[in-house]
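What follows is calculated from the coordinates using simple rules that are stated; it is not laboratory data. Worth saying up front: this structure is predicted, and the values here are computed from it rather than measured. Here the Cβ is made from the backbone with ideal geometry for all residues, glycine too, and neighbour counts use every protein chain on show.
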Amino acid sequence: MTALEHIIKQKIRERGPGGYMDLGEYMSLCLSHPEHGYYMTRDPFGQKGDFTTAPEISQMFGEMIGVWVADTWIKMGSPKKIIILECGPGRGTLMADAMRVTKNVDGFHDAVQLHLLEMSPVLKDIQKDSLKEYGATWHSEPESVPTDSPLIVIGNEFLDALPVRQLVFTETGWQEKVVKININDTLRLHEIGLKKEVKSLLPSFLIPPKLGDHVEVSLELNDFINKITKIILNQGGSALFLDYGFNQMIAGETLQAVKNHRYCDIFDTPGQADLTAHVNFADLSHKILEKNMTLHGPVSQRDFLKRLGIDIRAENLHRLATQPQRVEIDSALKRLTGEDTGNGEMGTLFKVIAFSSDSSIDLAGFA
Ligand code: SAH
């Protein structure tokens, strides 16, 4: 039993007979418990870690995001100061590639103030090193970002790490799936009636559900979007999020655990596997529109990166490359933009969404 499993069981037992923990709290403890949380204790990326993200596959990914950010800044009228806020920067690779590729954009680097939203002390140390040239400031909450300038917010595989709660449609209506302890002392899922705070998150335009349908809702994602849209409406700006997910309201159970590049049970090794849920882009779009923001997308990562010119970038890199490097560039391009054939291609599984306070700005990559 992991140390965190012990802590979780103790918490449930302290709640008395019938005690339980909702999945959001379980996911949040697994990812961010100060001592035993998954992100708090390790660098999870790459072959030696548990999973690989797009910026770790190829420099081309961060470069395309850099092009998007600089283009957005120009379309905003090249303000003298621009806050770039990256949410969940991982190893800082995406931002390092984005900054390097934009260094010749006239006036851009002089205007940029880099801000990073990161909860992991381990990853913060790695980011301090990879982004040391750019003088970043770290935050644990979006509200502490300065309020005096417009901003551009980005996040790759950030939203999928925010805790979700799972609802299932039964003969007695929607029920919530929560964590309980079995007689044999293992953790298991159990259905209970809906609590008020969860009911309020059920999308209002949900199509009539069928028995067994699942919906995942996230108080944290809701809260995060409320905060970011408020900041952008006050200060002016745009946001870009890339993540895996789907664009229909009811899409089943997507909460998953990954360890050593393999799926495992969410209760196998609490705190030692990455837990994520697919992003519900249909619900997210609805929330963004409700805030009176201009919505762009969602579009597939494939279309987005191609519209930004990733094929041309790959060709240019080819010219400077050795034969083995060319093979690497081609395989990275396929992984980032290819259609899902079960070999880790991200092109269609991953979606891109953006929103802006200014309806007159035509953000790149969406049409
Ligand atoms: N964007 C990076 C990393 C994605 S992993 C990449 O593409 O490689 C998720 C990142 O979000 C990690 O840096 C993790 O520590 C951070 N994170 C997850 N939940 C967070 C939260 N609630 N607040 C701040 N950072 C969080």
### Query
Taking Cα centroids, how far is the range 92-141 from the range 34-49 in Å?
20
### Task
Do me a favour and compute the ellipsoid semi-axes for the range 221-276 from its Cα gyration tensor, root of five times each eigenvalue, largest one first, whole Å.
31, 15, 11
### Query
With N residues in the range 176-255, what two-decimal value do you get for its Cα radius of gyration over 2.2 N^0.38 Å?
1.43
### Task
Round to the nearest 0.05 the FRET efficiency obtained for Glu35 and Glu328 when R0 = 45 Å and r is the Cβ-Cβ distance.
0.70
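Taking the DSSP beta bridges in the chain as the whole, what percent of them are antiparallel, to the nearest 5?
Close to 60 percent.
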### Query
Using the 10 angstrom Cβ neighbour count as an exposure proxy, how do Met1, Met27 rank, fewest first?
Met1, Met27
### Task
For the chain, report the translational diffusion coefficient in µm²/s to the nearest whole number, using Stokes-Einstein at 25 °C, 0.890 mPa s, and a Kirkwood Rh over Cα pairs.
114
### Task
Between the alpha-carbon centers of the range 254-312 and the range 1-21, tell me the distance in whole angstrom.
30
## Note on the structure
Averaged over all viewing directions, the convex hull of the alpha carbons in the range 245-367 casts a projected area in nm² of 10.4
### Query
Tell me, what is a quarter of the convex hull surface for the C-alpha atoms of the range 1-153, in nm² with one decimal?
11.2
### Computed over the range 142-298, Kirkwood Rh from alpha-carbon pairs, angstrom
17.3
#### Entry: Proxy reagent accessibility, fewest Cβ within 10 Å first, across Ser144, Ser360, Ser130
Ser360, Ser144, Ser130
### Query
Based only on the alpha carbon positions, what is the Kirkwood hydrodynamic radius of the range 326-365, in angstrom?
12.1
### Task
Using only C-alpha atoms and all pairs of different ones, pull out the Kirkwood radius for the range 146-187 in Å with one decimal.
15.0
### Query
Under a no-solvent Debye model with one identical scatterer per Cα of the range 116-190, what's log10 I(q)/I(0) at q = 0.14 Å⁻¹?
-0.72
## Note on the structure
For the range 85-220 (alpha-carbon point model, no solvent) the Debye-based log₁₀ I(q)/I(0) at q = 0.13, 0.20 Å⁻¹ works out to -0.75, -1.10
### Full-extension gain in nm, Arg262 to Lys81, via 0.36 nm per residue minus C-alpha separation
60.8 nm
### the range 35-121 - Rg and Dmax from Cα coordinates, angstrom
14.7, 45
### Task
Report the residue, chosen from Gly77, Gly271, Gly19, that carries the largest GNM mean-square fluctuation when the chain is represented by alpha-carbon nodes joined by springs under 10 Å.
Gly77
### Query
In vacuo Debye scattering of the range 153-223, one point per C-alpha: log10 I(q)/I(0) at q = 0.14, 0.16, 0.20, 0.27 Å⁻¹?
-0.53, -0.67, -0.92, -1.25
#### Entry: Proxy reagent accessibility, fewest Cβ within 10 Å first, across Thr229, Thr2
Thr2, Thr229
### Message
Which residues does the label zone of Ser140 cover in the range 26-70, counting backbone N under 12 Å from a point 7 Å along Cα→Cβ?
### Response
33-35
### Query
Could you give the dipole magnitude of the chain about its Cα centre, charging the beta-carbon of Lys and Arg +1 and that of Asp and Glu -1, in debye to the nearest 20?
120
### Calculated FRET value between Asp362 and Lys180, using beta carbons and R₀ = 35 Å, to 0.05
0.10
